[in-house]
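Reading through the structure tokens given below for one structure.
The values are calculated or read from the model by the stated rules, or taken from the named source; none is laboratory data. Note that this is a predicted model, so its numbers are computed, not measured. Virtual Cβ from ideal backbone geometry, glycine too; neighbours counted across all protein chains shown. Quick note on the areas: whole protein, heavy atoms, side chains included, nothing else; ligands and nucleic acids left out. Shrake-Rupley method; radii C 1.70, N 1.55, O 1.52, S 1.80 Å.
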Number of protein chains: 2
Amino acid sequence: MRQAGAPSAEVRSRRRAALTDLILDVFRLNGVLLASGDALVADLGLTSARWQVLGAIALAPAPLPVAHLARTMGLTRQAVQRSVDELRADGLVRLEPNPHHRRAALVRMTEPGEAAYRAASRRQETWADALAADLPPEIIEAADGLLRALRARLAGPDPSPATAPDTLETC
Amino acid sequence: MRQAGAPSAEVRSRRRAALTDLILDVFRLNGVLLASGDALVADLGLTSARWQVLGAIALAPAPLPVAHLARTMGLTRQAVQRSVDELRADGLVRLEPNPHHRRAALVRMTEPGEAAYRAASRRQETWADALAADLPPEIIEAADGLLRALRARLAGPDPSPATAPDTLETC
DNA sequence: GTCAATTTGACAATGTGTTGTCAAATTGAC
DNA sequence: GTCAATTTGACAACACATTGTCAAATTGAC
């Protein structure tokens with residue numbers, strides 16, 4: 001009998017092939033998801049990137065500076081900074097002084113920004129319903145679990161502490 | 001009893017939440033995978049994008065022009081063109097005249113290019129083995145099947161004919 | 001054979017992310 | 001309180017993908 005810690009070359013090769021396929025499909029799905037998201041909110045003056053920033057603002061219990069938003073989202077400061085600059089230019093977001101830190105202004109949604117975000121959220125709901133129609137939740141959850149496991153292995157012990165505490169759990 | 005076509009609001013909402021989580025994790029995993037891939041082959045003079053182009057060349061039975069490679073890879077002509085330009089500048093790839101089409105030169109790997117690709121493939125094998133260690137192949141394959149199903153729904157009837165014939169049908 | 005439609009590569013602009021560097025502001029060890 | 005380390009935003013450069021436009025080459029209907 002085979003021991004648990006010593007899988008056959010056959011199993012190893014099947015596993016490797018399956019993982020390679022999965023990875024390639026993650027790349028491809030990432031591409032079509034971004035394209036779909038952009039198309040979904042384009043006429044609201046949003047893109048996937050800006051939408052994501054609005055989401056981070058909406059989920060936070062209080063207005064946050066750019067660097068804090070970036071940590072929450074797992075992106076770099078600069079990437080978020082650019083999106084915020086654009087959102088500000090379009091009037092969807094505004095900066096307010098931070099009493100605790102003169103440089104780190106707090107980002108807050110304007111009324112038009114909140115309206116756009118609400119509209120995007122409403123569309124995303126029906127879009128997701130249509131996309132997931134007749135897929136068993138268990139299958140989706142199992143796949144998500146695997147993706148998380150892979151990400152955890154790739155990123156090391158705990159690379160995204162911002163994911164944990166209080167922000168992302170609520171969504 | 002509940003009919004198959006009319007899921008409860010409860011199931012629908014669970015499904016929606018699961019799908020949203022999955023999508024966010026696809027984005028995150030995409031990011032760490034690209035970073036890992038870049039790190040894996042950086043010292044070979046490769047990046048994820050260049051590596052992918054070399055892979056398409058290696059898999060093709062004969063040298064192909066840039067536009068054909070792009071279709072095979074599901075990317076735009078211009079994106080592949082730039083990678084090919086860079087690979088050519090680094091001597092990993094070379095263009096040869098196409099007897100059937102004066103403009104569409106054929107892209108072929110040079111000996112250094114093949115050496116780099118072989119080295120990258122070897123590393124990828126051990127990397128994938130380590131990453132997939134102790135994950136049951138069935139789980140990986142099931143997750144991959146779901147990603148493919150989602151992609152098929154998002155992209156419409158048949159958006160990537162190059163991938164289709166024998167890969168997508170099997171899931 | 002002719003000519004419109006398609007394919008191909010070149011070029012430019014844009015979106016989104018990265019890294020690196022810098023100065024100002026804040027924090028913390030002492 | 002002082003001063004080094006960290007955090008923050010500004011700015012620049014780059015990697016990778018997109019779209020759009022153009023001219024040359026090829027293909028196909030006629």
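The residue pairs whose first member lies in segment A:66-85 and is touching a residue at least 24 places away in the same chain (Cβ under 8 Å) and within 14 Å of another protein chain (Cβ to nearest Cβ), whose second member is more than 7 Å from DNA strand D (Cβ to nearest atom) and outside any helix (DSSP H, G or I), and whose beta carbons are closer than 8 Å, counting only pairs six or more residues apart or on different chains, are A:T72/A:A60; A:T72/A:L64; A:T72/A:T167; A:G74/A:S160.
Taken together, B:D158, B:D144, B:D129 contain a single residue that is within 14 Å of chain A (Cβ to nearest Cβ), modelled with pLDDT under 95, under 19 Å from the mean Cα position of the chain (by Cα) and open to solvent by less than 30 Å² (accessible area, probe 1.4 Å), which is B:D144.
On inspection, A:G55 fails the criterion of being touching a residue at least 40 places away in the same chain (Cβ under 8 Å) and within 7 Å of chain B (Cβ to nearest Cβ). Go through A:V107, A:V32 for me and flag whichever is modelled with pLDDT of 95 or more and either within 13 Å of DNA strand D (Cβ to nearest atom) or of a type outside the set (A, V, I, L, M) (or both). Selected residue: A:V107, the only one of A:V107, A:V32 that is modelled with pLDDT of 95 or more and either within 13 Å of DNA strand D (Cβ to nearest atom) or of a type outside the set (A, V, I, L, M) (or both).
Of the listed requirements (1) more than 12 Å from DNA strand D (Cβ to nearest atom); (2) over 23 Å from B:L29 (Cα atoms), A:I57 misses just one: (2). One residue alone among A:R118, A:R50, A:R123, A:R77 is charged (D, E, K, R) and within 13 Å of DNA strand D (Cβ to nearest atom), and that residue is A:R77.
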